[in-house]
Amino acid sequence: MQEDLDQTQTETQLADADKSAGAETAASEAQAATQKALALLARCEQCRAGLERKLLQKGYSKLTVAGVLDALEERGLLDDLRFARAWLNSRRIGHYEGRTRLLSELAARGIGKETAKKAVDGFFEEFDEEEICARAVKKFLSQGKSGEKLMAAMTRAGFSWKLASAAVKEFSGNEMN
């Protein structure tokens, strides 16, 4: 009887020690994941999906990564809208893309529809979509595109048919239906 009691007590102590060690390991992993996330954020703006992918690739558990990302969002250090705005501002240099393409590119980076729409709407409040479309037409004309190939390039660049047609008509003198 005493042996059974001693064995049960020993098993309980071992289980408590395992729990304590497990908690220390989890805390250590969370601290390491947080440090890695902060280092990545210090280099450039990150979106939640991208940062999650990078941390998981480093071998951190899904549970740890989710907790770290939640904490970073609560502290305002991780923000998908801020990432989307920064990405759009960097993208406008040398890339002449319309609303549809930009929304698609943000979605591919893991940005939610509402957040992406808000960022793109804000972007086009600041930068004239017609001017960007005109620059795209100039670029494609300089590449020798015309007619259907020009319109196909414009729609692939994310411009609406109406906006692209007007810009093409203005720059090439061709009427598009």
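The values are calculated or read from the model by the stated rules, or taken from the named source; none is laboratory data. If you're wondering where the values come from, they're calculated on a predicted model, not measured in any experiment. Cβ atoms come from the backbone with ideal geometry, glycine included; neighbour counts cover every protein chain shown. Surface areas here come from the heavy atoms of the whole protein model, side chains and all, with no ligands, DNA or RNA. Shrake-Rupley method; radii C 1.70, N 1.55, O 1.52, S 1.80 Å.
Points to keep in mind about this one:
- Every test in (1) crowded, with 19+ Cβ neighbours inside 10 Å; (2) out of contact with any helix residue (DSSP H, G or I) (no Cβ under 7 Å at 6 or more places or on another chain); (3) farther than 24 Å from residue 52 by Cβ is passed by residue 131 save one, and that test is (1).
- Boolean, residue 88 is free of Cβ contacts under 8 Å to residues at least 40 places away in the same chain and farther than 30 Å from residue 128 by Cβ: no
- Count of residues meeting criterion [open to solvent by 80 Å² or more (accessible area, probe 1.4 Å) and under 11 Å from the mean Cα position of the chain (by Cα)] in the range 90-108: 1
- From the list 75, 85, 101, the lone residue that is out of contact with any strand residue (DSSP E or B) (no Cβ under 6 Å at 6 or more places or on another chain) and over 20 Å from residue 51 (Cα atoms) is 101.
- Test: residue in the range 152-174 that is over 16 Å from residue 89 (Cβ atoms), open to solvent by less than 50 Å² (accessible area, probe 1.4 Å) and β-branched (Val, Ile, Thr): yes
- Scanning the range 73-110 for residues being under 22 Å from residue 155 (Cα atoms) and touching an Asp or Glu at 6+ places or on another chain (Cβ under 8 Å) gives a total of 6.
- The listed residue being among the charged types (D, E, K, R), buried (at least 17 other Cβ atoms within 10 Å of the Cβ) and modelled with pLDDT under 95, out of 29, 52: 29
- Hits in the range 67-81 (condition: under 17 Å from the mean Cα position of the chain (by Cα) and surrounded by fewer than 13 Cβ atoms within 10 Å (Cβ to Cβ)): 70, 76
- Of the listed requirements (1) at pLDDT below 95; (2) within 22 Å of residue 118 (Cβ to Cβ), residue 101 misses just one: (1).
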